[in-house]
Amino acid sequence: MLEISERLWDARKVGEYLGMSLSWVKAKAADGTLPAMRWGKMYRFEPAAIVRWAASKRVSPPVVVGR
């Protein structure tokens, strides 16, 4: 759930977080792959939803270094 103090991300910020291009983010938001909200031509993203979405794409457990 979105916290009131949490600001929504724009497509540029999502691209930076995921390491993907702006066009990729917009295409995946448009086809429903990425969780997004749309106002006119603008997409906005809940940061927590993007973090959960990215974590769900993990194919192996995280590597713990130094144990």
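Every read-out reported here was derived from the displayed coordinates using simple, explicitly stated rules and does not represent laboratory data. Predicted model only: the values in this text are computed from it and were never measured. Every residue, glycine as well, gets a Cβ built from its backbone with ideal geometry; the counts of neighbours run over all protein chains shown.
Each label was represented as a point 7 Å from its Cα along the Cα-to-Cβ direction; for Ser21 and Ser60 these points are 2.8 nm apart.
For region 1-40, the gyration tensor built on C-alpha atoms gives an oblate shape. Its axis ratio a/c (a ≥ b ≥ c) is at least 1.5, and a/b is not larger than b/c. Amide H contacts under 5 Å for Tyr43: Ala11, restricted to partners 5 or more places along the chain or on a different chain, H placed in the peptide plane at 1.01 Å from N.
Considered as an equivalent ellipsoid built on the Cα gyration tensor, the chain has semi-axes of 24, 15, 11 Å, the largest given first. For region 8-13, putting each phi into the Karplus relation 6.51 cos²θ - 1.76 cosθ + 1.60 with θ = phi - 60° gives couplings of 6, 8, 8, 4, 4, 5 Hz, in residue order, rounded to whole numbers and with x for Gly and Pro. Placing dummy labels 7 Å off each Cα toward the beta-carbon, the span from Glu6 to Arg38 is 2.3 nm.
Add -39500 (n - 2.57) for each DSSP H run of 4 or more in the chain, then divide by its residues: what number comes out at 222 nm, to the nearest 500 deg cm²/dmol?
-11500 deg cm²/dmol
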